[in-house]
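The values are calculated or read from the model by the stated rules, or taken from the named source; none is laboratory data. Not measured: the values here are computed from a predicted model. Please note: Cβ atoms are built from the backbone with ideal geometry, for glycine as well, and neighbour counts cover all protein chains shown.
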Amino acid sequence: MRVLRRTLGTLLALGAALSCTAARGDDARPGDDPPAALAPFEGLLPAPVSVRAAGPGYAVGPGTVIRTGAGPGEEVRRVGELLAEQWRGPSGLPLPVVGGSDGDGIRLRLDEEAEGVGDEGYRLESAPGGVTLTARTPAGLFHAGQTLRQLLPAAGPGTVPGGTVEDRPRFAYRGAMVDVARHFFTVEQVKRYVDQLVPYKVNALHVHLTDDQGWRLAVDSWPRLAEYGGGTEVGGGPGGYWTKEQYADLVAYAGERYVDVVPEIDMPGHVNAALASYAELNCDGRAPERYTGTKVGFSSLCVGKERTYEFVDEVLGEVAELTPGRYLHIGGDEAHSTPAADYEAFMDRAQAVVGRHGKTVVAWHQLSAAGPAEGAVLQYWGHDRTAAAEKAAVASAAQAGHPVILSPSDRLYLDMKYDAATKPGLTWAGYVPVERAYSWDPGAHLAGVPESAVLGVEAPLWTETVATRADWEFMAFPRMLGLAELGWSPAGSLGWDGYRKRLAAQGPRLDAQGVNYHRSPDVPWS
Ligand code: ACM
């Protein structure tokens, strides 16, 4: 393996050298007509907005320093340190981080006037004297650093090809969801996922914290939720929960990497763990047993009871206080045991609670037919066979100004099997091979939901059948990279033929991170 990696490194470096001699002055879109062997800029994933290869590049070596500019630049310094930390191990280089901007090396430049890069984009310019990364925000510099790493071999030093990359995202929201309720996973495992996703510019992490099988976040005002309700999982294992400190640590870790955490407390259905923990939440005052199976739709909060709304207010208040991001997800899916009128009444009050705690509502798209509050975001998880009326309700909410996050289950549900040979996973939305997960256009997916109404895309990983880190990674990778490109790259750069080659070029990087990914036969892995 090591020999293979070194060979790959040499080949990539050779590719860089070749592209320097065969300087191309033209604007190339990475998705157009990809060459048989990818030149370094053409292996970038997500494909950037534009690339201009020009002249010789910058050789990274033992003398390379990261320069974080003059002035206060506290956060730029932190980005520089973070990039160095990510990159020291794989490169084997010391990469000291220093102030100032004069001299060769990697220069981070914050320029609030920089044009064409938006809030998260950047410009990367490479020449023999060094590489300059320019952005309007620290997040843009961080993303630029991820591009820079991809221009170098997965391991060892190398040469950044000469030229310019100009880049910015198509969609503001590029998310991953993890269900830590059906099977419990630690904060450490979720941090590892963050590390695996930030190289591809994913910027949102939705954590599904509560469900019938487990309540995974400590809540001071209702301690039995986690202590008792967190004490099992699908299959009857021991379960577990995150303390508030652990959750805050994850939020901070993700935030430092420009990933916003979106916590979900799923209501009024998917609440058996809460009902089992507190008899008073039940209409009949009797707590059910904890649940370790995989059925859905059998539990409901008691909509007519005032105590329910004290619960909602106190729980959401504590979660909001721990979460700096703007969104709070309140579920709202599969409330099959809540009569429709009760569902509407409950969601009205729950949405108002979110607003009172200073957050913006996100809910699964079932809310679209039941009165989303002003500004509420709808997360669409239907599929090609979802009833037309249900899709039309999402479209009319979008036209009324509700932003939509697209998570079509027959494209982006990472718990769907790739094919009949996939061991974990479900099939109710069909098989989702790597090509199907990637080959669709979020800007034109739902009739009546124009691109301007699409906040972004998110790929949920439900864990009824996913109990280990190995299975998690196998289901998420490589499909998460397709999500990343759909969320970031311009529509004109998308295309399976180019994408599968860009994806193959990421194989050595996933290997270097020890990711257990599915080596889909449709991808020309080296
Ligand atoms: C869902 O899959 N029930 C959102």
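Taking residue 154, is it buried (at least 22 other Cβ atoms within 10 Å of the Cβ), over 30 Å from residue 228 (Cα atoms) and touching a residue at least 40 places away in the same chain (Cβ under 8 Å)? Lay out the reasoning, then the answer.
Numbers: buried (at least 22 other Cβ atoms within 10 Å of the Cβ): yes; over 30 Å from residue 228 (Cα atoms): yes; touching a residue at least 40 places away in the same chain (Cβ under 8 Å): yes.
Considered against the rule, which asks whether it is buried (at least 22 other Cβ atoms within 10 Å of the Cβ), over 30 Å from residue 228 (Cα atoms) and touching a residue at least 40 places away in the same chain (Cβ under 8 Å), residue 154 comes out as yes.
Taking segment 185-200 as the region of interest, how many residues are surrounded by fewer than 24 Cβ atoms within 10 Å (Cβ to Cβ) and in a loop (DSSP other than H, G, I, E, B)?
Matching residues across segment 185-200 total 1.
Taking segment 433-480 on its own, how many of its residues are β-branched (Val, Ile, Thr), part of a helix (DSSP H, G or I) and farther than 24 Å from residue 502 by Cα?
First, the residues of segment 433-480 that are β-branched (Val, Ile, Thr): 434, 449, 454, 457, 463, 465-466, 468.
Within this subset, residues satisfying the condition of being part of a helix (DSSP H, G or I) are 434.
If we keep only those that are farther than 24 Å from residue 502 by Cα too, we end up with none.
Residues that pass the stated criteria total 0.
What are the residues in segment 448-459 that are within 16 Å of the ligand (Cβ to nearest atom) and among the charged types (D, E, K, R), if any?
458
May I ask you to list the residues in segment 407-445 that are among the hydrophobic types (A, V, I, L, M, F, W, C), surrounded by 21 or more Cβ atoms within 10 Å (Cβ to Cβ) and within 19 Å of residue 492 (Cα to Cα)?
437
What are the pairs, 6+ residues apart or on separate chains, where a residue within segment 367-383 that is closer than 20 Å to residue 345 by Cβ and modelled with pLDDT of 95 or more has its Cβ under 6 Å from a residue that is within 16 Å of the ligand (Cβ to nearest atom) and assigned to a loop (DSSP other than H, G, I, E, B)?
What qualifies is 367/332.
Just checking, which of 463, 468 is at pLDDT 95 or above and surrounded by fewer than 16 Cβ atoms within 10 Å (Cβ to Cβ)? Explain how you work it out, then say what you get.
Working: 463 fails: surrounded by fewer than 16 Cβ atoms within 10 Å (Cβ to Cβ).
Sole residue among the options that is at pLDDT 95 or above and surrounded by fewer than 16 Cβ atoms within 10 Å (Cβ to Cβ): 468.
Can you find a residue in segment 380-388 that is among the aliphatic types (A, V, I, L, M) and under 28 Å from residue 209 (Cβ atoms)?
No.
Here are some residues: 343, 291. Which one is touching a residue at least 40 places away in the same chain (Cβ under 8 Å) and farther than 25 Å from residue 234 by Cβ?
Step by step, each of 343, 291 is checked, and only 343 is touching a residue at least 40 places away in the same chain (Cβ under 8 Å) and farther than 25 Å from residue 234 by Cβ.
Output the residue which, of all residues in segment 97-129 that are part of a loop (DSSP other than H, G, I, E, B) and aliphatic (A, V, I, L, M), is nearest to residue 68 (Cα to Cα).
114
Being in contact (Cβ under 8 Å) with a residue 40 or more places away in the chain, out of contact with any strand residue (DSSP E or B) (no Cβ under 8 Å at 6 or more places or on another chain) and farther than 22 Å from residue 188 by Cα, is that true of even one residue in segment 472-482?
Yes; the residues of segment 472-482 include at least one that is in contact (Cβ under 8 Å) with a residue 40 or more places away in the chain, out of contact with any strand residue (DSSP E or B) (no Cβ under 8 Å at 6 or more places or on another chain) and farther than 22 Å from residue 188 by Cα.
I'm told residue 404 meets every condition in (1) touching a Lys or Arg at 6+ places or on another chain (Cβ under 8 Å); (2) within 16 Å of the ligand (Cβ to nearest atom) except one. Can you identify the failing condition by its number?
(1)
Output the residues belonging to segment 493-520 that are in a loop (DSSP other than H, G, I, E, B) and either modelled with pLDDT of 95 or more or surrounded by 23 or more Cβ atoms within 10 Å (Cβ to Cβ) (or both).
494, 495, 514, 515, 516, 517, 518, 519, 520
What tally of residues in segment 242-290 results from selecting those that are among the aromatic types (Phe, Trp, Tyr) and out of contact with any strand residue (DSSP E or B) (no Cβ under 9 Å at 6 or more places or on another chain)?
Filtering segment 242-290 for residues among the aromatic types (Phe, Trp, Tyr) gives 242, 247, 253, 258, 278.
After this cut, where a residue has to be out of contact with any strand residue (DSSP E or B) (no Cβ under 9 Å at 6 or more places or on another chain) as well, the list is 253, 258, 278.
Matching residues across segment 242-290 total 3.
Does residue 430 satisfy being farther than 24 Å from residue 341 by Cβ, within 15 Å of the ligand (Cβ to nearest atom), part of a loop (DSSP other than H, G, I, E, B) and modelled with pLDDT of 95 or more?
yes
Just to verify a result, which residue in segment 460-474, among those that are of a type outside the set (A, V, I, L, M, F, W, C) and within 16 Å of the ligand (Cβ to nearest atom), is nearest to residue 432 (Cα to Cα)?
Selected residue: 460.
Rundown of residues vs (1) of a type in the set (A, V, I, L, M); (2) away from the ligand (no atom under 16 Å from the Cβ), yes/no style:
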position	(1), (2)
238	no, yes
244	no, yes
248	yes, yes
251	yes, yes
257	no, yes
261	yes, yes
271	yes, no
279	yes, yes
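Find the residue count for segment 475-492, including only residues that are crowded, with 21+ Cβ neighbours inside 10 Å and out of contact with any Phe, Trp or Tyr (no Cβ under 6 Å at 6 or more places or on another chain).
9
Quick grid of which residues meet (1) in contact with a strand residue (DSSP E or B) (Cβ under 7 Å, 6 or more places away or on another chain); (2) surrounded by fewer than 22 Cβ atoms within 10 Å (Cβ to Cβ); (3) among the acidic types (Asp, Glu):
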position: 139; (1), (2), (3): no, yes, no
position: 161; (1), (2), (3): yes, no, no
position: 172; (1), (2), (3): yes, yes, no
position: 177; (1), (2), (3): yes, no, no
position: 206; (1), (2), (3): yes, no, no
position: 216; (1), (2), (3): yes, no, no
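Quick one: count up the residues across segment 319-345 that are of a type in the set (D, E, K, R) and in contact with a helix residue (DSSP H, G or I) (Cβ under 6 Å, 6 or more places away or on another chain).
Qualifying residue count for the region: 2.
Would you mind stating whether residue 147 is surrounded by fewer than 24 Cβ atoms within 10 Å (Cβ to Cβ), assigned to a strand (DSSP E or B), more than 12 Å from the chain's Cα centre (by Cα) and hydroxyl-bearing (Ser, Thr, Tyr)?
Considered against the rule, which asks whether it is surrounded by fewer than 24 Cβ atoms within 10 Å (Cβ to Cβ), assigned to a strand (DSSP E or B), more than 12 Å from the chain's Cα centre (by Cα) and hydroxyl-bearing (Ser, Thr, Tyr), residue 147 comes out as no.
Looking at segment 292-306, which of the residues that are closer than 23 Å to residue 220 by Cα, surrounded by 13 or more Cβ atoms within 10 Å (Cβ to Cβ) and not hydrophobic (A, V, I, L, M, F, W, C) is farthest from the ligand (Cβ to nearest atom)?
Per the criteria, the residue is 305.
Inside segment 409-423, can you point out the residues that are closer than 24 Å to residue 170 by Cβ, within 11 Å of the ligand (Cβ to nearest atom) and in a loop (DSSP other than H, G, I, E, B)?
Across segment 409-423, the qualifying residue is only 413.
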